[in-house]
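A.B. asks: This structure is in structure tokens; I'll ask about it shortly.
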Amino acid sequence: MRIATLTCSNTEILAALGFADHLCAVDNHSDFPEEALQGLPRLGPDLSINMALLQELKPDLVLASHSVPGMEKVTAQLAETGLRYEILDPTSWSGVLESIRTVGRVLSCIDRAETLIQDMQNEIQSLRESLPAFEAPPKVMVEWWPRPVIVATQDSWITDMLRLLGAENAFSHLEKRSSPVTDQQVIEAAPELIVCSWCGVKKLRPEVIENRKGWEQIPAIQNQKVVCIPESGLGRPGPRLMEGFRALAEVLREGFAQPEAPARPVQPH
């Protein structure tokens, strides 16, 4: 089967299920696994897919997505091509797992998909067990973009990832996938940890966040808890979110462990 993917996460799901060698074309942003993508036709950015080239390549299946705002226009064009396609559109961790199942069913490898899912779930459980018991869930802000500041909000797999690790999305009260926020909203949310994970940016600059005027009163800034986790580990709803889980667990383990109580002196008899 010849398969074309229109976004990074779909490419990575295919690879994790052992179907990278079935790829006949990918979007411009797909970069993993690097060796499997060498020499493949590139279809353009995920928001501007070259439909003429896609039709010319005649894939048996196109894996599309709505994970980035604006992709609906791409899938509307895709529907007019007559090509067979599936749209993956997870907004939660369970949705990410269901996307893997969907691809497994379409490719008749559902057992392989379930094994992958179980392995991921088992690792998450191990990561959670490795973390301390927090006095209260640490409030975490994940920043997708710096100008304007755009953050992960309620309808995001980020909310679930943090919850599964015993933390809390500082903007889970905003009923969107992501949202621009004002300085005042960030101050009121009072995140204790800020994660810089700018989409499509290779060089992350935490100092941009640390030096914002007026943010000095935010706990994460006061306590120097601004960290960088690449978008590939947090922004792609597929198997590579496990990289994000590991990175978040490490930060939470190191930055929010409760100090051990001093040993009680031995009383003489």
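The values are calculated or read from the model by the stated rules, or taken from the named source; none is laboratory data. What you are looking at is a predicted structure, and each value in this text was computed from that prediction instead of being measured. Positions of Cβ are backbone-derived with ideal geometry, glycine not excepted, and every protein chain shown enters the neighbour counts. Surface areas here come from the heavy atoms of the whole protein model, side chains and all, with no ligands, DNA or RNA. Shrake-Rupley method; radii C 1.70, N 1.55, O 1.52, S 1.80 Å.
A.B. asks: Answer with yes or no whether residue 98 is over 30 Å from residue 205 (Cα atoms), among the charged types (D, E, K, R), surrounded by fewer than 17 Cβ atoms within 10 Å (Cβ to Cβ) and free of Cβ contacts under 8 Å to residues at least 12 places away in the same chain.
C.D. replies: yes
A.B. asks: When you go through (1) open to solvent by 70 Å² or more (accessible area, probe 1.4 Å); (2) farther than 21 Å from residue 237 by Cα; (3) of a type in the set (A, V, I, L, M, F, W, C) one by one for residue 40, which number turns out not to apply?
C.D. replies: (1)
A.B. asks: As an exercise: evaluate residue 53 against (1) open to solvent by less than 60 Å² (accessible area, probe 1.4 Å); (2) in a loop (DSSP other than H, G, I, E, B); (3) not charged (D, E, K, R) and give the number of the one condition it does not meet.
C.D. replies: The failed condition is (2).
A.B. asks: Within the bounds of the range 3-12, is there any residue that is modelled with pLDDT of 95 or more, of a type in the set (D, E, K, R) and not in a strand (DSSP E or B)?
C.D. replies: Scanning the range 3-12, I find at least one residue that is modelled with pLDDT of 95 or more, of a type in the set (D, E, K, R) and not in a strand (DSSP E or B), so the answer is yes.
A.B. asks: Going through the range 128-149 one residue at a time, which ones are open to solvent by 60 Å² or more (accessible area, probe 1.4 Å) and within 27 Å of residue 183 (Cβ to Cβ)?
C.D. replies: 136, 137, 145, 147, 148
A.B. asks: Among residues belonging to the range 60-87 that are over 27 Å from the mean Cα position of the chain (by Cα) and open to solvent by less than 80 Å² (accessible area, probe 1.4 Å), point out the one that is nearest to residue 19 (Cα to Cα).
C.D. replies: Out of the qualifying residues, it is 60.
A.B. asks: A follow-up question, please. Given the residues 48, 99, 67, which is the only one that is in a helix (DSSP H, G or I) and of a type in the set (S, T, N, Q)?
C.D. replies: Unique residue meeting the criteria: 99.
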